[in-house]
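Taken together, the values in this text are just the output of simple stated rules run on the coordinates, not laboratory data. Nothing here was measured: the structure is a model prediction, and the numbers come from that model. Please note: Cβ atoms are built from the backbone with ideal geometry, for glycine as well, and neighbour counts cover all protein chains shown.
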Amino acid sequence: MVTQEILLWVRGTGLQIAVAVFVIGMVFRMLHIRMLGRKKSLAQARGSEWSGGLRTIWKRSLVSTRLSARGYFTVIAGFIFHIGFFVTLLFLSQHIDLIRAVLGLHWPAMPRGVIDMAAVLSIAAMVALLVHRFVDPVKRLLSDFQDYLTWLLSFLPLLSGFMLLREIGFEYITLLTLHIASVELLLIVAPFTKLAHMFTTFMARWYNGAVNGFKGINI
Amino acid sequence: MEHETLEQRLHEQGISRRSFLKFCAAMATMMALPPGSASAIAATLAKVKRPSVIWLSFQECTGCTESLTRSHSPTLESMIFDMVSLDYHHTLQAASGHAAEQARDDAMKEFHGKYLLLVDGSIPIKDGGVYSTIAGRTNLDMLLEAAEGAAAIVAVGSCAAFGGLPNAQPNPTGAVAVSDLIKDKPIINISGCPPIPAVITGVLAHYLTFGALPALDALGRPKAFYGETIHDRCYRRPMYEQGKFARTFDDEGARNGWCLYELGCKGPTTHNACATTKWNGGTSFPIESGHGCIGCSEPKFWDAGSFYAPLPAPTADIASVAKTAAVVGAAAAVIAGAVDRGKKTQLQQSLVKLTVEDLKGD
Amino acid sequence: MSLDDISIKVAADLNSIGSVDALLNEIATRLERFIASGETAMIDLKSLPFSPSEYEALRTALGRGEVSARLETIGDSELYETHYAGVWWVTHYNVEGDVIADLIEIAAVPAILHSQPEDVQDGLERLQRTLSQEK
Ligand code: SF4
Ligand code: SF4
């Protein structure tokens with residue numbers, strides 16, 4: 001009776017718990033940071049905070065041309081991982097089924113070939129990044145336990161998802177359960193680790209850009 | 001009153017050896033054995049004594065019996081009269097009332113330790129089992145009594161095997177499966193709602209041929225029939241792989257025979273033989289008729305969300321949980337923010353201003 | 001209303017599953033073994049997940065040969081040699097006409113066509129009884 005019941009749990013109660021923790025955690029952290037507030041600047045504004053903020057969010061999402069070789073590797077591999085991750089997350093038909101069931105929204109899925117490629121590239125990029133983290137002395141020095149933990153938590157959903165699509169290694173039901181469980185783990189841990197960067201990145205960029213924009217600095 | 005062998009029985013009826021061989025070929029197919037084993041099956045089957053079978057129906061809808069009486073091979077009559085001696089089945093037997101109960105008692109005494117006990121339906125155990133009784137006795141009581149002298153128990157259908165519909169939330173009668181109550185007898189679960197008739201007879205044939213239960217999976221189901229999922233053997237599988245899904249039951253995709261995953265097909269998580277053994281004398285199986293698998297041979301399938309919700313869909317309400325969580329998170333942040341501000345003002349107030357006097361020292 | 005009135009069409013690429021080819025290869029291997037060592041074989045078609053169109057494709061691929069036979073015992077049975085000698089298609093029906101076994105048999109003659117020793121013995125006894133009665 002075990003496998004079916006575990007699957008039922010992760011599709012129901014487990015998911016409810018994970019979503020609750022994720023939303024509470026994220027909303028709390030984002031609002032909390034926001035409420036730290038800033039002293040009102042008494043200076044005369046020389047430009048708009050909004051346009052500066054938005055511009056920086058955009059600009060820092062591009063690959064800078066002034067990078068070292070190490071920098072290039074990290075950024076490119078990081079890009080591949082993130083793009084692959086979001087392509088599979090948003091355009092696999094099964095994920096759209098889920099989104100439709102929860103939010104009522106839906107859009108066309110991408111062909112399975114594209115998804116497969118995105119997943120494989122994404123997995124490869126993650127592995128390459130991990131290896132680089134071990135090999136590169138500077139990165140190794142900078143890494144702590146949380147870096148490896150968050151790597152693992154982001155890697156597991158990708159890997160289990162790919163195995164599920166291709167039914168590799170285990171039965172469908174086992175893989176489906178593992179996949180959902182791994183995502184739930186990610187959701188639960190995300191707000192309290194570096195994974196919160198999925199939101200804080202944009203806040204931080206906006207903040208930097210807005211400060212500059214206010215001063216009329218155009219970068 | 002030892003039962004005679006099947007060979008004697010057939011011979012008396014003037015059934016030729018060749019007919020018997022044909023019958024065994026059908027059996028081999030049914031048991032998912034290599035087709036060449038038909039002659040070996042014939043050799044053993046001919047020699048065995050027909051075992052006594054007692055069939056108890058508990059909290060059930062008679063669908064399993066209906067399924068069995070539609071069993072195409074061997075026909076029910078031939079099975080009843082030739083392969084086993086069905087000594088008690090309250091729907092199928094001619095006797096009724098006290099005579100029927102007497103027949104059961106007699107068979108239980110006569111073949112103590114040797115008879116095969118077939119059970120369909122779940123057993124309600126809440127409030128002492130009063131929710132289902134036969135001749136004034138609770139199902140629970142009857143099962144415990146009959147199980148005591150059984151050589152093995154066959155739980156026919158998802159209700160007897162896993163609790164089935166009566167066991168679905170909120171399970172008002174406290175319905176449980178046979179295996180929840182009986183721990184000291186070999187139990188074989190033939191799940192399905194109803195089970196494929198050929199599987200019921202196939203398992204009986206296996207028991208007769210080999211004198212033992214077939215290999216079982218972790219849920220006590222015969223591996224020969226439940227070893228693979230519907231999805232593993234589904235002829236629409238290439239469509240699934242290509243991402244071709246029907247969206248509604250009458251769209252272009254549905255007409256083209258595309259995969260029914262998005263229409264709620266539970267084939268990927270359901271172990272049963274429908275895709276190969278098929279239904280109605282091998283005519284087809286549900287997916288061939290354009291309807292997804294509802295997962296009827298798996299535990300708790302009634303509680304696994306809508307039959308028409310795709311597998312990735314959550315089985316509980318996620319949207320309202322998220323909404324409540326957002327409110328809770330925001331409230332917590334406001335409180336934390338107020339606390340922060342309080343601390344800040346406190347610190348500011350407790351700040352002692354440095355004056356020139358302080359710097360001068362003394 | 002006939003079946004044709006229902007607007008269901010079987011998509012052509014359902015054939016792409018490739019199991020018909022796989023089965024034909026299997027038959028070829030078994031035939032080689034039969035020629036080399038006389039080892040007969042049976043393949044249970046019901047254990048294979050054919051779509052209706054694949055099943056038809058298999059029938060077409062194997063074709064029909066020179067011999068066919070019919071058993072009339074607990075329902076009919078239909079046996080015929082396919083276009084490839086030594087490859088027999090054996091279908092057993094029950095009394096109601098449902099298919100109860102569907103087999104490909106690799107043999108000189110399908111086993112079930114042989115007269116069974118028990119039946120021969122039985123037949124002899126009956127014949128002798130008749131003869132003794134006539135005297
Ligand atoms: S119809 Fe169901 S069982 Fe068949 S391939 Fe699609 S999901 Fe799998
Ligand atoms: S296809 Fe699925 S729901 Fe239908 S009978 Fe088979 S196992 Fe049960």
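Scanning chain B for chymotrypsin sites (Phe, Trp or Tyr not before Pro) lying in DSSP loops with no more than 15 further Cβ atoms inside 10 Å, the longest uninterrupted stretch between such sites is B:1-248.
Shape class of segment C:12-110 from the Cα gyration tensor (axes a ≥ b ≥ c, square roots of the eigenvalues): oblate, since a/c reaches 1.5 or more and a/b does not exceed b/c.
I want to verify a result. In a Gaussian network model of chain C, Cα cutoff 10 Å, which of these has the top mean-square fluctuation: C:Gly75, C:Gly65, C:Gly86? Largest GNM mean-square fluctuation: C:Gly75. Remark: segment A:78-92, residue by residue, has Karplus-estimated 3J(HN,Hα) of x, 4, 4, 4, 5, 5, x, 4, 6, 4, 5, 5, 9, 10, 6 Hz, where x stands for each Gly or Pro and the curve is 6.51 cos²θ - 1.76 cosθ + 1.60 at θ = phi - 60°. Neighbours of B:Leu140 by Cβ distance under 14 Å: Lys/Arg scored +1, Asp/Glu scored -1, total -3. Pairs from the list B:Lys185/B:Lys300; B:Lys49/B:Lys300; B:Lys22/B:Lys114; A:Lys194/B:Lys343; A:Lys59/B:Lys244 with a Cα-Cα gap above 32 Å: B:Lys49/B:Lys300; A:Lys59/B:Lys244. The amide H of B:Ala175, built 1.01 Å from its N in the peptide plane, has B:Ile125 as neighbours under 5 Å, considering only residues 5 or more places off or on other chains.
An oblate overall shape is assigned to segment B:124-192, the ratio a/c of its alpha-carbon gyration tensor axes (a ≥ b ≥ c) being 1.5 or greater and a/b not exceeding b/c.
A prolate overall shape is assigned to the protein assembly as shown, the ratio a/c of its alpha-carbon gyration tensor axes (a ≥ b ≥ c) being 1.5 or greater and a/b exceeding b/c.
Near the amide H of B:Leu118, within less than 5 Å, lie the amide hydrogens of B:Ile54, B:Trp55, B:Leu56, B:Val154, all on another chain or at least 5 residues away, with H placed in the peptide plane.
Taking Cα atoms, how many degrees apart are the long axis of helix A:172-189 and the longest axis of chain A, rounded to 10 and kept between 0 and 90? Once rounded, one gets 30 degrees. Couplings 3J(HN,Hα) of segment C:86-95, computed from phi: x, 10, 10, 10, 10, 10, 9, 10, 9, 4 Hz, in residue order, whole Hz [Karplus 6.51 cos²θ - 1.76 cosθ + 1.60, θ = phi - 60°; x for Gly and Pro]. For B:Leu216, the residues whose amide H sits under 5 Å from its own are B:Lys223, ignoring neighbours fewer than 5 places away on the same chain, with H placed 1.01 Å from N. Considering only C:Asp102, C:Asp122, C:Asp21, the mean-square fluctuation computed in a Gaussian network model of chain C, springs between alpha carbons under 10 angstrom, is largest for C:Asp122. Counting only trypsin sites (Lys or Arg not before Pro) that DSSP places in a loop and that have at most 13 other Cβ atoms within 10 Å, the longest clean stretch of chain A runs over A:67-219. Couplings 3J(HN,Hα) of segment A:22-39, computed from phi: 4, 5, 4, x, 5, 4, 4, 5, 5, 5, 4, 4, 4, 7, 4, x, 9, 5 Hz, in residue order, whole Hz [Karplus 6.51 cos²θ - 1.76 cosθ + 1.60, θ = phi - 60°; x for Gly and Pro]. Quick one: angle between helix B:38-47 and the longest Cα principal axis of chain B, in degrees between 0 and 90, rounded to 10, please. For B:38-47 against chain B, the angle is about 60 degrees. Using only Cα coordinates, the Kirkwood hydrodynamic radius of segment B:6-225 works out to 17.7 Å. The local environment of B:Ile287, defined by Cβ-Cβ distances under 12 Å, has a net charge of +4 under the rule Lys, Arg +1 and Asp, Glu -1.
For chain B, the longest principal axis of the C-alpha atoms and the axis of helix B:17-30 are separated by about 0°.
Estimated from helices alone, the mean residue ellipticity of the protein assembly as shown at 222 nm is -15500 deg cm²/dmol (sum of -39500 (n - 2.57) over DSSP H runs with n ≥ 4, per residue). Take each residue of peptide B:218-224, count the partner chain Cβ atoms within 10 Å of its Cβ, and average: the result is 1. At a Cβ-Cβ separation cutoff of 4.7 angstrom, cysteine residues of chain B with no neighbouring cysteine are B:Cys24, B:Cys61, B:Cys64, B:Cys159, B:Cys234, B:Cys259, B:Cys265, B:Cys274, B:Cys293. Inter-chain Cβ neighbour count for A:16-24, averaged per residue, equals 6 (cutoff 10 Å, partner chain atoms only).
Averaged over the residues of B:317-325, the number of partner chain Cβ atoms lying within 10 Å of the residue Cβ comes to 6. The label point for A:Ile83 and the one for B:Glu66, both projected 7 Å from the Cα toward the Cβ, are 5.7 nm apart. Counting beta carbons within 10 Å around each of A:Ile17, A:Ile115 and listing the fewest first gives the order A:Ile17, A:Ile115.
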